[in-house]
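> Have a look at this one before I ask anything.
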Amino acid sequence: MFSIDIIQVAILWCIAGLTLVCAINSRGVVRAVVSGLITTAIVVTSVFFSYMKYDSVKREIGLGETPSVPSSSSETTTENRTNSCSPVEKHILEDVIAISDSILAFPKLKYINNQGIEKREIFESKALSLRNKSMDSYRQVRGLFGPGDEKSCYYDLLLAAADNLRLAGYETHSLFGQENDNVGDSLNKAAVYAAQAKAVFLQLREQL
């Protein structure tokens with residue numbers, strides 16, 4: 001369709017050129033006037049359709065579009081950054097959401113103790129794995145930008161949420177090295193950190 005339109009416009013200009021030649025070679029006043037009118041009409045038609053095609057091409061390649069007025073500079077920066085997320089960043093978001101869910105679903109220490117020593121060791125191993133995963137995710141987020149790269153609002157939110165997730169993983173694993181009096185505080189901290197991190201991760205994922 002795109003090439004056919006160009007051919008049609010080219011044919012119009014060829015016809016306009018032929019009529020111009022005929023008008024120049026016409027003999028007699030009447031013939032010259034008629035040929036001139038016809039030539040003018042064809043040239044005007046060619047100019048009109050050429051302009052229409054030019055305007056259509058501009059819209060197709062995105063030229064001349066009026067940018068939307070942002071509600072705020074921070075929202076625009078975040079939206080532009082998330083719209084251009086790389087597959088690596090999207091993969092990291094999916095991973096940290098899954099880690100957040102695992103920390104929030106981690107059982108209470110009372111339940112773990114009732115399962116026996118062997119099960120307790122299994123849960124402790126899972127807690128250590130969550131701690132390591134949350135730390136690795138935090139490092140991956142920090143590594144998304146180099147020292148000379150421009151930091152965006154999106155990056156600041158993601159890094160803060162990843163730090164909360166790191167703290168949640170730490171508090172989850174620390175349950176197994178604390179006295180019973182301090183277990184409740186660690187459980188509450190882990191849940192709060194993980195919930196805050198997950199809320200930010202989900203918000204950023206929705207903007208992708």
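> All other residues with a Cβ under 14 Å from the Cβ of G116 taken together, and with Lys, Arg as +1 and Asp, Glu as -1, what is their net charge?
With Lys, Arg at +1 and Asp, Glu at -1, the neighbours total 0.
> Could I ask something else about it? Would you please give the FRET efficiency between R142 and D185, computed as 1/(1 + (r/R0)^6) with r the Cβ-Cβ distance and R0 = 22 Å, to the nearest 0.05?
With a Förster radius of 22 Å, E is 0.20.
> Expressed in nm to one decimal, what extension gain is obtained for the pair E206 and A160 from 0.36 nm per residue of sequence separation less their Cα-Cα distance?
Between E206 and A160, full extension yields 14.8 nm more.
Every read-out reported here was derived from the displayed coordinates using simple, explicitly stated rules and does not represent laboratory data. Note that the structure is predicted; figures quoted are calculated from it, not measured. Note: ideal-geometry Cβ built from the backbone for every residue, glycine included; neighbour counts use all protein chains shown.
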